[in-house]
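I am attaching a structure below and will ask some questions about it afterwards.
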Amino acid sequence: MLLPENKLWRAVLEQAYEDAEMWANCPESVPSPGERIKARRYLRADSSHEATGLATVCEYADVPADRVVLWARRRYKFAA
């Protein structure tokens with residue numbers, strides 16, 4: 001059973017996903033430069049700072065952080 005706090009933190013993850021998919025889902029919207037890139041870097045845990053933040057959010061959301069990172073790294077390949 002999910003607590004309201006878990007749902008809140010899952011909403012944070014959902015927002016990061018929506019930001020990462022911004023142009024794919026809504027091509028007519030024009031986000032500020034870098035928002036999609038930042039969201040993808042966060043979900044992939046590209047830096048130690050992002051990895052720490054994502055791990056904390058995942059812990060509060062009761063979601064395994066390693067699975068989120070693995071999924072994001074498969075979905076959002078690193079730029080060449």
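The values are calculated or read from the model by the stated rules, or taken from the named source; none is laboratory data. Everything numeric here is computed off the predicted structure, so don't read it as measured data. All Cβ positions, glycine included, derive from the backbone under ideal geometry; neighbour counts span all protein chains shown.
Just to be sure before I move on: is Asp19 over 16 Å from Ala65 (Cβ atoms) and either buried (at least 17 other Cβ atoms within 10 Å of the Cβ) or at pLDDT 95 or above (or both) in the structure I sent? Break it down stepwise before answering.
On the way: over 16 Å from Ala65 (Cβ atoms): yes; either buried (at least 17 other Cβ atoms within 10 Å of the Cβ) or at pLDDT 95 or above (or both): yes.
Spelling it out, Asp19 is indeed over 16 Å from Ala65 (Cβ atoms) and either buried (at least 17 other Cβ atoms within 10 Å of the Cβ) or at pLDDT 95 or above (or both).
For segment 1-10, enumerate the residues that are within 12 Å of Val63 (Cβ to Cβ) and modelled with pLDDT of 95 or more.
Here is the first cut: in segment 1-10, the residues within 12 Å of Val63 (Cβ to Cβ) are 2, 6-7, 9-10.
Passing the criteria: Asn6, Lys7, Trp9, Arg10.
Across segment 38-61, what is the total count of residues that are more than 12 Å from the chain's Cα centre (by Cα) and either farther than 20 Å from Glu18 by Cβ or aliphatic (A, V, I, L, M) (or both)?
Restricting attention to segment 38-61, the residues satisfying the condition of being more than 12 Å from the chain's Cα centre (by Cα) are 47-49, 52, 56, 59-61.
Checking the rest, the ones that are also either farther than 20 Å from Glu18 by Cβ or aliphatic (A, V, I, L, M) (or both) come to 47-49, 52, 59, 61.
Residues flagged as more than 12 Å from the chain's Cα centre (by Cα) and either farther than 20 Å from Glu18 by Cβ or aliphatic (A, V, I, L, M) (or both) within segment 38-61 amount to 6.
Looking only at residues that are surrounded by 12 or more Cβ atoms within 10 Å (Cβ to Cβ) and of a type outside the set (Val, Ile, Thr) in segment 67-80, which one is farthest from Ala20 (Cα to Cα)? Lay out the reasoning, then the answer.
Of the residues in segment 67-80, the ones surrounded by 12 or more Cβ atoms within 10 Å (Cβ to Cβ) are 68-73, 75-76.
Okay, now just the ones that are also of a type outside the set (Val, Ile, Thr), so 70-73, 75-76.
Details: Leu70: 15, Trp71: 13, Ala72: 10, Arg73: 12, Arg75: 10, Tyr76: 9 Å.
Ranking the qualifying residues of segment 67-80, first place goes to Leu70.
Cβ-Cβ below 7 Å, separation at least six or inter-chain, first residue in segment 22-46 and at positive phi and exposed (fewer than 13 other Cβ atoms within 10 Å of the Cβ), second of a type outside the set (S, T, N, Q) and modelled with pLDDT under 60: which pairs?
none
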